[in-house]
Amino acid sequence: MDLKAKIRVIEGFPKEGISFKDVTTLLSDGEAYRQAIETCLDLFEGIEFDVVVGPEARGFLIGAPLAVLARKGFVPVRKPGKLPSETIKHEYALEYGTDVLEMHLDAIKPGDRVLIADDLLATGGTAKAVCELIEKLGGTVVGLAFLMELDFLDGRKVLDGYKVFSAINYES
């Protein structure tokens, strides 16, 4: 199945000049969604990991089913104030300003081998922030799995030194 064909492209959204990749059309097709998750997991064949981490919110849509399929736990990374227990925070730079991500302080144990899963690799800022959170807790990022990657934004450069895998690539 051609997963790329299952993703709707909307030109000019959210503003002129953007070619938005709408993953909801893939998610609404049960067979395509299943194949997408299996493909993301297959990218890590032979790589051992203990837990899957996914950033809010679309990372939950890829990471949680991937964790279930791999029979591993899932750890959500959230925006501030959304997690009920003690958290660790990481502030990171955006193009115009900053953002903050949080995860439970006890979510990653020292020595845990962690797979990060998300729907999209664009500039890499969010993924790098998640890597730094995991490492602050003593975990090791064994790789990052993305459903889609916008190659032209060079997000891999920000993630230099990490294993990065994408199921679908867009060159423009």
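What follows is calculated from the coordinates using simple rules that are stated; it is not laboratory data. All values derive from a computational prediction rather than experimental measurement. Heads up, the Cβs are rebuilt from the backbone with ideal geometry, glycines too, and the neighbour counts pull from every protein chain shown.
Scanning the range 21-33 for residues that are surrounded by fewer than 18 Cβ atoms within 10 Å (Cβ to Cβ), under 17 Å from the mean Cα position of the chain (by Cα) and either of a type in the set (Phe, Trp, Tyr) or part of a helix (DSSP H, G or I) (or both) yields a single hit, 24. Could we say that residue 5 is in a helix (DSSP H, G or I), surrounded by fewer than 17 Cβ atoms within 10 Å (Cβ to Cβ) and of a type in the set (A, V, I, L, M) here? When the stated conditions are applied, residue 5 passes them.
Restricting to the range 150-172, name every residue that is on the phi > 0 side of the Ramachandran plot and either in contact with a Lys or Arg (Cβ under 7 Å, 6 or more places away or on another chain) or without any contact (Cβ under 8 Å) to a residue 24 or more places away in the chain (or both). Passing the criteria: only 161.
A count restricted to the range 159-169 and to residues that are over 13 Å from the mean Cα position of the chain (by Cα) and crowded, with 18+ Cβ neighbours inside 10 Å stands at 1.
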